[in-house]
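Participant: Okay, handing you the structure first.
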Amino acid sequence: MEEKNSILSKRKNFFISTYGCQMNVNDSERMSCLLEMTGWVKVPQPEMSDLILINSCSIREKPVHKVHSEVGRYKYLKNKNPYLKIGVSGCVAQQERSRLLKQLPLLDFVLGTDAIDELPEVLSRLENEDREVVSVQQKTQDPYHIKTLIGDPGVSTFVNISKGCDNFCTFCVVPFTRGRERSRPLVHLIEDIQSLTKRGVKEVTLLGQNVNSYQSPCGANFSRLLENLALHTDIQRIRYTTSHPKDFNEELVDTMQKYRNKIMDFIHLPVQSGNDKVLKDMNRGYTREEYIEKAYMILEKVPGSVLSTDIIVGFPGETEEAFEDTLSLLDKVPYEMIFSFKYSSRPFTKAKSFKNQVLEEVKSNRLKRLQKKHKKLAFSLVEKYKGAVLKVLVEKQDCKTKLFVGRSTQNKLVYFEGIKEDIGQIVPLKISHLNISTCYGKKI
Ligand code: 5AD
Ligand code: SF4
């Protein structure tokens with residue numbers, strides 16, 4: 001039979017290139033799973049593949065440019081393999097839509113953030129159409145019933161509990177690329193997570209743009225979700241991200257305290273700025289004092305808990321004094337880790353049209369000062385782990401060092417000399433030495 005000019009009749013290898021947050025990593029896992037279920041084979045290099053998928057992120061810094069240059073890099077592969085298909089998914093796909101196809105002749109399809117499950121169908125549509133398959137419809141009305149799809153979940157895995165965001169922080173593109181917030185029903189999450197435990201999963205990290213506004217169609221809020229998972233599944237450890245300070249409440253802290261054995265004492269609580277005017281302009285919905293109060297409530301009610309945060313410097317209108325309020329916040333809240341970014345203007349957002357944009361060199365200077373200050377403080381904060389015994393859930397053996405590695409309840413990455421049987425176990429380890437992000441321990 002004559003060989004068809006078809007991606008399906010050729011070898012079916014695919015390569016996914018993933019940018020951005022954990023949500024995107026999870027989406028890439030889902031797409032890999034869907035492709036593998038329909039006969040595709042994942043390969044580690046684009047050179048070996050018949051399908052290249054760029055799962056893009058547009059939250060910060062030149063995202064469209066990154067997609068353009070990555071697609072451009074594959075030109076020689078397209079020339080070598082006429083069956084090669086190239087697609088873009090994720091937030092840049094949702095944001096740019098058919099514009100991407102117009103600007104990038106090498107591109108075959110664009111897949112929006114709500115169209116992930118359509119990937120196999122889009123590929124078979126490509127069999128009959130030359131290119132220009134665009135699937136970017138946002139299904140705001142559909143219920144969010146999506147079971148976790150993951151090839152090998154390992155010991156610790158991520159589970160989406162909600163998608164989209166309704167907060168419209170003035171700097172953020174997410175509400176425009178991921179649409180309105182929708183939560184997965186509580187009972188589905190219990191079933192999903194229980195079935196992951198049967199596959200050997202010991203720890204889940206619940207994912208949402210704002211987990212604190214989780215609201216199951218049955219009425220259960222985020223605290224009830226945590227409680228139900230702690231009581232009605234065999235999962236040993238529960239983490240979650242990302243929290244929004246405006247919705248983070250005492251009920252949640254009480255639930256964390258009550259189920260301390262299962263809910264991990266590490267909280268990522270993005271503050272973004274330490275100045276009230278900037279927070280107001282960002283539309284964050286809390287003041288500096290309200291934030292500090294919540295942070296202290298967590299530290300008091302769940303002693304030993306660890307905080308991390310996100311900070312943006314150089315938001316439009318941020319004066320030197322306003323930036324110093326952010327610097328001084330580090331003296332008030334003991335963040336073991338911070339993730340800091342220079343403000344970058346995003347399409348569709350309100351802040352894009354704010355008049356008083358901050359000069360690039362001022363942003364760079366503030367970022368440097370912030371990171372320098374945090375580095376100094378963090379060293380003394382993590383000192384306390386030296387000699388301490390941390391309970392580490394062992395995830396894997398590191399291929400390079402051959403050491404075993406896992407995370408403590410406080411989310412510290414700990415390396416140690418172990419054995420294969422340690423994987424999946426919670427092992428007490430005495431910390432012998434450490435740096436800000438990594439610890440080294442010994443079995444006791
Ligand atoms: N510029 C800089 N940082 C941003 N973030 C989100 N949007 C922007 C932007 N336009 C940061 C915030 C958020 C994190 C995920 O990314 O700090 O919490
Ligand atoms: Fe973006 Fe704000 Fe929503 Fe977070 S809460 S995703 S920063 S709009």
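Participant: Is it the case that some residue within region 67-79 is within 12 Å of VAL134 (Cα to Cα), out of contact with any helix residue (DSSP H, G or I) (no Cβ under 8 Å at 6 or more places or on another chain) and not charged (D, E, K, R)?
Facilitator: no
Participant: Given the options LEU393, LEU429, LEU370, name the one that is within 27 Å of the chain's Cα centre (by Cα), closer than 17 Å to LYS202 by Cβ and either touching a residue at least 40 places away in the same chain (Cβ under 8 Å) or in a strand (DSSP E or B) (or both).
Facilitator: One residue alone meets the criteria, LEU393.
Participant: Another question, if that's okay. Those residues that are closer than 14 Å to THR148 by Cα and not hydrophobic (A, V, I, L, M, F, W, C), I need them from region 204-218; list them, please.
Facilitator: Of everything in region 204-218, those that are closer than 14 Å to THR148 by Cα and not hydrophobic (A, V, I, L, M, F, W, C) turn out to be THR205, GLY208.
Participant: Taking the conditions exactly as written (hydrophobic (A, V, I, L, M, F, W, C), within 30 Å of ASP234 (Cβ to Cβ) and out of contact with any Leu (no Cβ under 7 Å at 6 or more places or on another chain)), does VAL414 satisfy them or not?
Facilitator: The answer is no for VAL414.
Participant: Residues of region 215-229 being crowded, with 17+ Cβ neighbours inside 10 Å, under 10 Å from LEU186 (Cβ atoms) and among the small types (Gly, Ala, Ser), which ones?
Facilitator: If the condition is that a residue be crowded, with 17+ Cβ neighbours inside 10 Å, under 10 Å from LEU186 (Cβ atoms) and among the small types (Gly, Ala, Ser), then SER216, ALA220 are the ones that fit.
Participant: Mind checking which residues of region 230-275 are more than 24 Å from the chain's Cα centre (by Cα) and within 16 Å of ligand 1 (Cβ to nearest atom)?
Facilitator: Listed by number, the list holds a single entry, ASN275.
Participant: Search region 419-442 for residues being surrounded by 14 or more Cβ atoms within 10 Å (Cβ to Cβ) and charged (D, E, K, R), and hand back the single one that is farthest from VAL155 (Cα to Cα).
Facilitator: Selected residue: LYS430.
Participant: Still on this structure, please answer the following. Count, please, the residues in region 199-230 that happen to be without any contact (Cβ under 8 Å) to a residue 12 or more places away in the chain and either part of a helix (DSSP H, G or I) or more than 19 Å from GLU250 (Cα to Cα) (or both).
Facilitator: 0
Participant: So, of the residues in region 171-180 that are within 16 Å of ligand 1 (Cβ to nearest atom) and part of a loop (DSSP other than H, G, I, E, B), which turns out to be surrounded by the fewest Cβ atoms within 10 Å (Cβ to Cβ)?
Facilitator: Among residues in region 171-180 that are within 16 Å of ligand 1 (Cβ to nearest atom) and part of a loop (DSSP other than H, G, I, E, B), the one surrounded by the fewest Cβ atoms within 10 Å (Cβ to Cβ) is ARG178.
Participant: Can GLU2 be described as over 24 Å from ASN128 (Cα atoms) and either modelled with pLDDT of 95 or more or among the acidic types (Asp, Glu) (or both)?
Facilitator: When the stated conditions are applied, GLU2 does not pass them.
Participant: Of the numbered conditions (1) closer than 25 Å to MET264 by Cβ; (2) at pLDDT below 95; (3) surrounded by 15 or more Cβ atoms within 10 Å (Cβ to Cβ), PHE416 satisfies every one except a single condition; which is it?
Facilitator: (2)
Participant: OK, next. Which residue, of ASP265, ASP247, ASP192, is crowded, with 17+ Cβ neighbours inside 10 Å, within 15 Å of ligand 2 (Cβ to nearest atom) and of a type in the set (Asp, Glu)?
Facilitator: It is ASP247.
Participant: Ok, one more. Does ASP50 satisfy the condition of being of a type outside the set (A, V, I, L, M, F, W, C) and under 17 Å from ASN26 (Cβ atoms)?
Facilitator: No; evaluated as a whole, the condition is false for this residue.
Participant: Which numbered condition trips up GLY418, out of (1) assigned to a loop (DSSP other than H, G, I, E, B); (2) out of contact with any strand residue (DSSP E or B) (no Cβ under 7 Å at 6 or more places or on another chain)?
Facilitator: With (1) assigned to a loop (DSSP other than H, G, I, E, B); (2) out of contact with any strand residue (DSSP E or B) (no Cβ under 7 Å at 6 or more places or on another chain) applied to GLY418, the lone miss is (2).
The values are calculated or read from the model by the stated rules, or taken from the named source; none is laboratory data. It should be emphasised that the depicted structure is a prediction, and the values quoted were computed from it without experimental measurement. All Cβ positions, glycine included, derive from the backbone under ideal geometry; neighbour counts span all protein chains shown.
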